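Engineer: Can you keep this structure in mind? I'll have questions shortly.
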Amino acid sequence: MSRIALDKLRERFGPLVLETHSEFGDDTAVVEPGIWRDVCLFLRDDPDLDFNLPIDLCGVDYPISEAAARRRTLPGRMEVVLHLYSIGRRHRVRLKTRVGDEAMEGAELDSLTSIWPGLDWLEREVFDMSGVRFRGHPDLRRILMYPEFEGHPLQRTYPAAKTQPLVPYRTEASAGMPVDKLEPFGAHEGMPFGRQPAPRPEKED
Amino acid sequence: MGDLTGREGLGDERGARRSVAIDGNEQGFATSRVDAMLGWARKYSLFMYPFVTACCAMEFMSLTGPRFDIARFGAEAPRFSPRQSDLLWVVGTISQRQAPVLVRIYEQMMAPKWVLAFGTCASSGGFYDNYTTLPGIDKVIAVDVYVPGCPPRPEAVLDGLLLLQDKIARGVQTPGVVRPREDPVVRAAELVRLRRAPGDPRALVPLLKANAPDPPAGDRRGGIA
């Protein structure tokens, strides 16, 4: 319902708005990461747009293969998605950008906390889960995971089976008894799939 | 329970003999072992520390409420200091971030102490098979009784408590698992048969009840593995 926002963005920023579409009633603009903050400032301050409420901010990792990288029209690997709402005008817009190369080098984006202070914790979450660093954020620490955690779990390169325990697990020696799971829990129940053994071959009679 | 109401059996020989003993006219003694006495005393005075982190708490509330009434088993007194409690109830998912807290709570409890893993998440991590969840609290602390279920029914938890009391009385250290009271697969098969039956299915209900298998005697509260 805010085609006007897309029109205004294209008019104001020209080719730096890489793509716009309005599918299923959702208006989306994909912009260059360099103008991320300027676009947001414009969306907030233009009297016809008046986006005064940030709804959500998240990171989406797109898997990289060489073929995909060659096909790629958009720059970057980690997509950052921002949803905005205008309380006064009752319209929404979705803003996207892509940052970081295959090794997440240069995954940096201007912080929007000076525009909407409510984005403080959301930017911390995107940093924690996806590894995007926000320039100018007042307090860019992990918010969900513990400080000792290494890596960013929602990156697709994070191994699915990898856990980082803060206390050492009991071993048979330290417990003084077998620590296998009892029935009805399988020995590997609750363990990440990568640590489960391969399915047993059929029994031969 | 007839002997507790005092109404029936008053006139019979057993009631008469008991009334003599109560009056104190007859003297006697009983023999026991100290550890058996201690076990008997401990199993009916479990002071619980509820370590409640997730949705299983709903079933835990119902367990401590009047309908299922854990007070019947002498285990209703919560102590929110681990130093005063015997029984650690771990109710819900434990994340990796919370595991050190759980270990610290456990280490502050005085021996003898027991741990009950309430629900599948506490027992094995459940479906949280990921970077953030501890795959079962037995990865970091010793567990005495596991109660599977997502969440377990209060009856299952009471079974687990009785199993624990049994273990305490017998001085057994090995962990035990509460088994389901009835096999849900059998029950589902019965329901499917009922649905597909020709004619009025209500006519089959008494038949189903009559055919329901008795739970195996030793299996109701689960065995000690």
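Values in this text are rule-based calculations from the coordinates and carry no lab data. Please read all numbers here as calculations on a predicted model, not as lab measurements. Glycine also receives a Cβ, built like all others from the backbone with ideal geometry; neighbour counts cover every protein chain displayed.
Engineer: For segment A:3-147, max minus min Cα coordinate along each principal axis, in Å, sorted largest first?
Structural biologist: Each principal axis gives a Cα extent; for segment A:3-147 these are 40, 36, 25 Å.
Engineer: Right, another one. Give the calculated FRET efficiency between B:Q108 and B:A77 to the nearest 0.05, with a Förster radius of 22 Å applied to their Cβ-Cβ distance.
Structural biologist: Efficiency for this residue pair is about 0.80.
Engineer: Right, another one. Measuring from label point to label point, each 7 Å out along Cα→Cβ, what is the A:Y62 to B:L38 span in nm?
Structural biologist: Output for this residue pair reads 6.8 nm.
Engineer: Kindly state, as a whole number, the per residue volume in cubic angstrom of the convex hull around the alpha carbon atoms of segment B:34-177.
Structural biologist: On the way: hull volume 13.2 nm³, N = 144.
Per-residue hull volume (Cα only) is 91 Å³.
Engineer: Please give the residues of segment A:2-23, grouped as numeric ranges, whose backbone N is less than 16 Å from a label point set 7 Å along the Cα-to-Cβ vector of A:D45.
Structural biologist: Under 16 Å, as judged by backbone N against the label point of A:D45, lie A:9, A:12-13 of segment A:2-23.
Engineer: If I take R0 = 35 Å and measure r between the Cβ atoms of A:S22 and A:T157 in this structure, what FRET efficiency does the formula 1/(1 + (r/R0)^6) give, to the nearest 0.05?
Structural biologist: 0.60
Engineer: I want the antiparallel fraction of DSSP beta bridges within segment B:34-177, as a percent rounded to 5.
Structural biologist: About 5 percent, rounded to the nearest 5.
Engineer: Provide the FRET efficiency to the nearest 0.05 for the B:V186-A:T171 pair, computing r from the beta carbons and using R0 = 41 Å.
Structural biologist: Working: r = 39 Å, r/R0 = 0.95.
Efficiency, rounded to the nearest 0.05: 0.60.
Engineer: With unit charges on the beta carbon (Lys/Arg positive, Asp/Glu negative), name the residue among A:S111, A:P47, A:L122 whose Cα is farthest towards the positive pole of the charge dipole of segment A:3-147.
Structural biologist: In segment A:3-147, that residue is A:P47.
Engineer: Still on this model: Per residue of B:177-189, what is the mean number of Cβ atoms on other protein chains within 10 angstrom of that residue's Cβ?
Structural biologist: Averaged over the peptide's residues, the number is 1.
Engineer: Still on this structure, please answer the following. How far apart, in nanometres, would the label points at A:Q164 and B:E155 be if each is projected 7 angstrom from Cα along the Cα-to-Cβ direction?
Structural biologist: 4.6
Engineer: Something else now. Work out how much length A:D7 to A:Y146 would gain on full extension: take 0.36 nm times their residue separation and subtract the Cα-Cα distance, in nm to one decimal.
Structural biologist: 45.7 nm
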